[in-house]
Amino acid sequence: MIFLFTDFGAADLYLGQVKAVLHEHAPKAPVIDLLNDVPPFNVKAGAHLLAALARGIPPKGVALAVVDPGVGGPRDAVALLADGRWLVGPDNGLLSVAAARAKQVEVFSIGWKPKSLSASFHGRDLFAPVAAMLAGTGRKTAKLAKKPRLAVAFGADDLAEVIYVDHYGNLITGLRAAGVPRERVLNITGRQIAHARVFSDVPPGQAFWYENSLGLVEIAANSARADQALGFKPGGSLA
């Protein structure tokens, strides 16, 4: 299976082109949209989102991950084998948090090149065909060359920022909830946000933080939009 993780936008013209290439090179491989609304250009937020979501990718699955504001520049194109899952994308830090948290990692430069490569759309022309190869014919076709490490690495530490706002207005952070004491109160835009287990544990409209289904700290409000109530957006720091 191939899992798409991009900032291309679910309703824009880019995603369909990528899927067409995947179907051409791996017609039998199911393609699953993991997330195509990663905060645009925000590589660090994307890296932490990818690390959280990658845990749900089955062994031998392939994640095609593209948040690539430096496309066409000198950054390398890489593939990682992290705990039995392939991650394909730019060497700009996007894959690095997942790599740092994996127990076993191999890093490869991608040697395969298409006959025609757009300077601005490596997601379609380079990363998609390689992801399809890894889902089908394997690493030999992709001409992978082992390299010692990623050029850009953010490390395994948590990120005390809002990394995503879902369509409910909930604020997903880069903090893993297992390391946050339940008695901790978060200071958000001057407001004190306490922990609750689930939405129904607080009155309608009240903001709280909880451990979401990905294991991350999420700030929400019961039957209301926390982003509007708190004036927060991706990149906002937590105190």
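Look at ALA145 and say whether it is free of Cβ contacts under 8 Å to residues at least 60 places away in the same chain, at negative phi, assigned to a loop (DSSP other than H, G, I, E, B) and out of contact with any Asp or Glu (no Cβ under 7 Å at 6 or more places or on another chain). Walk me through how you get there before you give the answer.
Numbers: free of Cβ contacts under 8 Å to residues at least 60 places away in the same chain: yes; at negative phi: yes; assigned to a loop (DSSP other than H, G, I, E, B): no; out of contact with any Asp or Glu (no Cβ under 7 Å at 6 or more places or on another chain): yes.
Against the criterion (free of Cβ contacts under 8 Å to residues at least 60 places away in the same chain, at negative phi, assigned to a loop (DSSP other than H, G, I, E, B) and out of contact with any Asp or Glu (no Cβ under 7 Å at 6 or more places or on another chain)), ALA145 does not qualify.
Taken over segment 99-122, the residue count meeting the criterion of being small (Gly, Ala, Ser), in contact with a strand residue (DSSP E or B) (Cβ under 6 Å, 6 or more places away or on another chain) and farther than 27 Å from GLN17 by Cα is 2.
Quick grid of which residues meet (1) free of Cβ contacts under 8 Å to residues at least 60 places away in the same chain; (2) under 23 Å from PHE8 (Cα atoms):
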{"position": "LEU94", "(1), (2)": "yes, yes"}
{"position": "VAL107", "(1), (2)": "yes, no"}
{"position": "PRO114", "(1), (2)": "yes, yes"}
{"position": "PHE121", "(1), (2)": "no, yes"}
{"position": "ASP125", "(1), (2)": "no, yes"}
{"position": "MET133", "(1), (2)": "no, yes"}
{"position": "ARG139", "(1), (2)": "no, no"}
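With the condition kept exactly as written, say whether any residue in segment 151-171 is closer than 24 Å to SER96 by Cβ, over 20 Å from the mean Cα position of the chain (by Cα) and outside any strand (DSSP E or B). No; the residues of segment 151-171 include none that is closer than 24 Å to SER96 by Cβ, over 20 Å from the mean Cα position of the chain (by Cα) and outside any strand (DSSP E or B).
So in segment 171-215, with the set limited to residues that are on the phi < 0 side of the Ramachandran plot and touching a helix residue (DSSP H, G or I) at 6+ places or on another chain (Cβ under 6 Å), which one is surrounded by the fewest Cβ atoms within 10 Å (Cβ to Cβ)?
First, pick out the residues of segment 171-215 that are on the phi < 0 side of the Ramachandran plot: 171-188, 191-204, 206-214.
Restricting the remaining residues to those that are touching a helix residue (DSSP H, G or I) at 6+ places or on another chain (Cβ under 6 Å) gives 171, 174, 188, 207, 211, 214.
Working: LEU171: 29, GLY174: 24, ILE188: 22, ALA207: 23, GLU211: 18, LEU214: 15.
Filtering first and then ranking leaves LEU214.
Would you point out the residue of segment 8-25, among those that are touching a strand residue (DSSP E or B) at 6+ places or on another chain (Cβ under 9 Å) and assigned to a helix (DSSP H, G or I), that is nearest to GLY123 (Cα to Cα)? Among those residues, the one meeting the criterion is VAL18.
Considering only residues of segment 113-141 that are small (Gly, Ala, Ser) and surrounded by fewer than 22 Cβ atoms within 10 Å (Cβ to Cβ), which is farthest from the chain's Cα centre (by Cα)?
Taking segment 113-141 first, the residues small (Gly, Ala, Ser) are 116, 118-120, 123, 128, 131-132, 135-136, 138.
Cutting the leftovers down to surrounded by fewer than 22 Cβ atoms within 10 Å (Cβ to Cβ) gives us 116, 118-120, 136, 138.
Values: SER116: 27, SER118: 23, ALA119: 23, SER120: 20, GLY136: 23, GLY138: 23 Å.
Across segment 113-141, the extreme among qualifying residues is SER116.
Output the residues belonging to segment 175-224 that are at pLDDT 95 or above, in a loop (DSSP other than H, G, I, E, B) and among the polar types (S, T, N, Q). Once the filter is applied, which keeps residues that are at pLDDT 95 or above, in a loop (DSSP other than H, G, I, E, B) and among the polar types (S, T, N, Q), segment 175-224 yields GLN206, ASN212, SER213, ASN222, SER223.
The values are calculated or read from the model by the stated rules, or taken from the named source; none is laboratory data. These numbers were taken from a predicted model, which means no experiment stands behind them. With ideal geometry, Cβ positions are generated from the backbone for all residues, glycine too; neighbour counts draw on all protein chains shown.
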